[in-house]
Amino acid sequence: LQRQLAAGMPMQKNVTFYFQNNIFETTSGNFATDLVQFHASQIGLDRILYSIDYPYVTMQEGAQWIDHDLPASGVLNETELFNLRRGFAIELLKLNQ
């Protein structure tokens with residue numbers, strides 16, 4: 001990033017700002033509750049979308065995690081679970097319009 005200063009492209013904000021405002025990520029078949037917690041603490045849960053990386057991960061593995069393992073962990077409340085499952089995608093992709 002420092003090299004960009006010489007090219008006349010200085011960052012207007014710090015790196016954390018860009019991660020929290022410009023990036024969305026998905027679970028993409030990586031069903032680790034502790035990773036969701038960590039990423040949510042870094043960029044916000046509202047920047048994470050649930051996805052299954054089929055065919056590399058089965059639908060059953062994804063369903064087991066999002067429907068049973070993650071809720072059983074108690075990490076997210078019901079509203080947060082709904083938003084991770086589909087609420088954030090509906091909002092981001094404007095599927096409700």
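The values are calculated or read from the model by the stated rules, or taken from the named source; none is laboratory data. All values reported here derive from a predicted model rather than from experimental measurement. For neighbour counting, all protein chains shown are included, and Cβ atoms are generated from backbone atoms with ideal geometry for every residue, glycine included. Note: accessible area is taken over every heavy atom of the protein model, side chains too, but ligands, DNA and RNA are not part of it. Shrake-Rupley method; radii C 1.70, N 1.55, O 1.52, S 1.80 Å.
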Could you give the Stokes-Einstein D for the chain in µm² per second, using the C-alpha Kirkwood radius, 25 °C, 0.890 mPa s?
-> 164 µm²/s
So what J values fall out for region 45-58 if you push phi through Karplus, 6.51 cos²θ - 1.76 cosθ + 1.60 with θ = phi - 60°, rounded to Hz, Gly and Pro as x?
-> 4, 6, 9, 10, 10, 6, 8, 10, 8, 5, x, 6, 10, 7
Any idea of the accessible area per residue across region 1-70, 1.4 Å probe, to the nearest Å²?
-> 70 Å²
Contact order normalised by residue count of region 25-97, Cα under 8 Å, 6+ apart, percent = 33 percent
Nearest 10 degrees, 0 to 90: what angle lies between the long axis of helix 33-43 and the longest principal axis of the chain (Cα atoms)?
-> 30 degrees
Using a cut-off of 12 Å between beta-carbons, work out the net charge of the residues near Ala63 (Lys and Arg +1, Asp and Glu -1, Ala63 not included).
-> -2
Ordered by residue, what ³J(HN,Hα) values in Hz, to whole numbers, does region 92-97 give under the Karplus form 6.51 cos²θ - 1.76 cosθ + 1.60, where θ = phi - 60° and Gly and Pro are x?
-> 4, 8, 6, 7, 9, 10
Which residue fluctuates the most in the chain, going by a Gaussian network model with Cα springs under 10 Å, if the choices are Gly62, Gly44, Gly74?
-> Gly74
Given backbone amide H placed at 1.01 Å from N, residues whose amide H is under 5 Å from that of Thr26, ignoring those fewer than 5 places away on the same chain, are Leu49
Helix-only mean residue ellipticity at 222 nm for the chain, each DSSP H run of n ≥ 4 adding -39500 (n - 2.57), per residue, nearest 500 = -10500 deg cm²/dmol
So, for the Cα atoms of region 11-61, Rg and Dmax in Å stand at 12.9, 44
Going residue by residue through region 75-84, the Karplus relation 6.51 cos²θ - 1.76 cosθ + 1.60 with θ = phi - 60° gives ³J(HN,Hα) values, rounded to whole Hz and with x marking Gly or Pro, of 5, 10, 7, 4, 5, 5, 4, 4, 5, 5
